[in-house]
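Here is the structure we will look at, set down as structure tokens.
What follows draws every value from the coordinates through simple rules; no lab data is involved. The shown structure was predicted, so the numbers you read here are calculated from the model rather than taken from an experiment. Because the Cβ atoms are built from the backbone with ideal geometry, glycine has one as well, and the counts that use them run over all protein chains shown.
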Amino acid sequence: MSDGAEGSSLIAEFLDGMPLAAFTLDPRDIVTAANVPALAVLGERARGRNLALSLRGPELLEAVAAVRHNGAQQRILLRLPDEAQFRVKVSNLPGATPPLVLCVMQDVTSEAQNEAIRREFVANVSHELRTPLTAMMGFIETLQTAAKDDPAARTRFLDIMSREAGRMNRLVRDLLQLSRVEAEERVRPRESVDLPGILRAAAASVRQIAEEHGSPIVITGIEGRVMVPGDPDQLTQVFLNLMENAVKYGAKGKPVTVTLSRETTSRGEAIRVDVADQGDGIDQIHLPRLTERFYRVDTHRSRAEGGTGLGLAIVKHIINRHRGWLRIDSEKGRGSVFSVILPES
Ligand code: ADP
């Protein structure tokens with residue numbers, strides 16, 4: 001590579017042709033050239049300044065020093081104070097005078113975040129499975145030893161074990177469903193379905209628990225057929241989950257109202273279904289996180305109601321697949337309204 005001004009403009013051109021953030025450093029750690037993605041990380045005024053003034057990354061300065069010292073390329077993971085993460089490759093730029101070090105940075109922030117989410121999910125699943133499993137193992141041992149000849153205890157323990165097995169079964173069912181829905185999310189359903197029919201089918205599926213809670217499900221609003229593009233099984237699942245939640249977390253003895261109406265959205269005409277209960281409602285701080293997997297306002301209550309903490313996550317993914325919206329309107333002490341808005345075309 002040639003020296004002087006011609007050399008530096010060649011280097012600048014070379015860096016500009018790179019899609020990744022890249023910059024060069026002279027022997028005093030002054031940034032001599034940087035492409036646009038690099039300036040986005042280092043700041044617009046980084047050129048001509050010491051790198052340490054633009055970036056808080058002692059590991060990077062150490063890697064640069066190591067490259068100068070022994071010539072071997074270095075690869076590091078750089079974590080910046082704002083949580084951004086970069087994979088950085090540091091190497092000598094061959095033939096440059098004065099000697100230059102080239103740093104190429106690949107933004108891996110979202111990769112790292114996805115990895116953290118995945119790890120947390122696996123930890124949550126393991127924990128959710130381990131709780132009922134530990135209980136069952138304890139009862140099995142008791143039945144084999146202390147309660148071996150006690151028929152009353154045996155009946156009681158088998159009841160508890162059956163409940164715990166049911167909990168594990170629901171969890172596995174919801175996990176499978178979630179992964180299926182996530183896998184299909186990009187493909188919008190093409191079938192045309194009658195929404196009131198779907199609501200009636202969902203209401204029929206929750207009738208038993210609605211009766212146990214004394215909370216009948218009342219469907220009102222637009223009458224007759226209302227067609228929307230959708231997957232019938234998945235839409236039934238959405239309203240089944242929402243109605244079941246409204247019954248579980250609503251007020252005992254008070255109805256759950258499901259109302260169909262029309263709405264004009266930024267993307268055209270849509271049908272809106274409000275599922276409203278008269279329960280305690282939800283504190284505003286929880287609303288943005290409700291559809292996260294395993295997020296519960298009150299874990300104890302959710303478990304007591306047989307919940308897995310996955311119902312609303314499944315709802316969200318199905319609605320995304322249908323290019324619709326989920327709105328949650330709730331206030332402590334005022335009940336909750338979960339609204340599903342589905343485009344008509
Ligand atoms: P779960 O299996 O725990 O019911 P969901 O994903 O369906 O899981 O719901 C997540 C949490 O949202 C619930 O644990 C509950 O705390 C809260 N929630 C959902 N629906 C309602 C509702 N209608 N009223 C009050 N809280 C609700």
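How many residues does segment 50-62 contain that are within 17 Å of A84 (Cβ to Cβ) and out of contact with any Cys (no Cβ under 8 Å at 6 or more places or on another chain)? Walk me through how you get there before you give the answer.
Taking segment 50-62 as the starting set, the residues that turn out to be within 17 Å of A84 (Cβ to Cβ) are 51, 54-60.
Next cut, out of contact with any Cys (no Cβ under 8 Å at 6 or more places or on another chain) only: 51, 54-59.
Qualifying residue count, segment 50-62: 7.
Here I198, I140 are screened, and the one residue that is touching a residue at least 12 places away in the same chain (Cβ under 8 Å), surrounded by fewer than 14 Cβ atoms within 10 Å (Cβ to Cβ), on the phi < 0 side of the Ramachandran plot and assigned to a helix (DSSP H, G or I) is I140. Surrounded by fewer than 21 Cβ atoms within 10 Å (Cβ to Cβ), aromatic (F, W, Y) and under 23 Å from I209 (Cβ atoms), is that true of F239? In short, no.
Checking every residue in segment 110-124 against the condition of being surrounded by fewer than 17 Cβ atoms within 10 Å (Cβ to Cβ) and over 30 Å from V172 (Cα atoms) gives zero matches. Restricting segment 239-290 to residues that are more than 26 Å from the chain's Cα centre (by Cα) and of a type in the set (S, T, N, Q), the residue that is farthest from L199 (Cα to Cα) is T264. Within segment 317-345, the set of residues being in contact with a helix residue (DSSP H, G or I) (Cβ under 7 Å, 6 or more places away or on another chain) and near the ligand (Cβ under 7 Å from one of its atoms) comprises S330, F338.
At least 1 residues being in contact (Cβ under 8 Å) with a residue 40 or more places away in the chain and within 23 Å of F14 (Cα to Cα) is the threshold, and among the strands (runs of 3 or more DSSP E) wholly inside segment 51-119 those reaching it are 85-93, 100-107.
Answer with yes or no whether L171 is of a type outside the set (S, T, N, Q), within 21 Å of K316 (Cβ to Cβ), exposed (fewer than 12 other Cβ atoms within 10 Å of the Cβ) and within 16 Å of the ligand (Cβ to nearest atom). Before you say what the answer is, go through the steps one by one.
Working: of a type outside the set (S, T, N, Q): yes; within 21 Å of K316 (Cβ to Cβ): yes; exposed (fewer than 12 other Cβ atoms within 10 Å of the Cβ): no; within 16 Å of the ligand (Cβ to nearest atom): yes.
Against the criterion (of a type outside the set (S, T, N, Q), within 21 Å of K316 (Cβ to Cβ), exposed (fewer than 12 other Cβ atoms within 10 Å of the Cβ) and within 16 Å of the ligand (Cβ to nearest atom)), L171 does not qualify.
When R190, R156, R207, R180 are checked against the criterion of being more than 16 Å from the ligand (Cβ to nearest atom), surrounded by fewer than 15 Cβ atoms within 10 Å (Cβ to Cβ) and touching a residue at least 24 places away in the same chain (Cβ under 8 Å), R190 stands alone in meeting it. Scanning segment 212-236 for residues that are surrounded by 15 or more Cβ atoms within 10 Å (Cβ to Cβ) and either of a type in the set (D, E) or in contact with a Cys (Cβ under 6 Å, 6 or more places away or on another chain) (or both) yields a total of 1.
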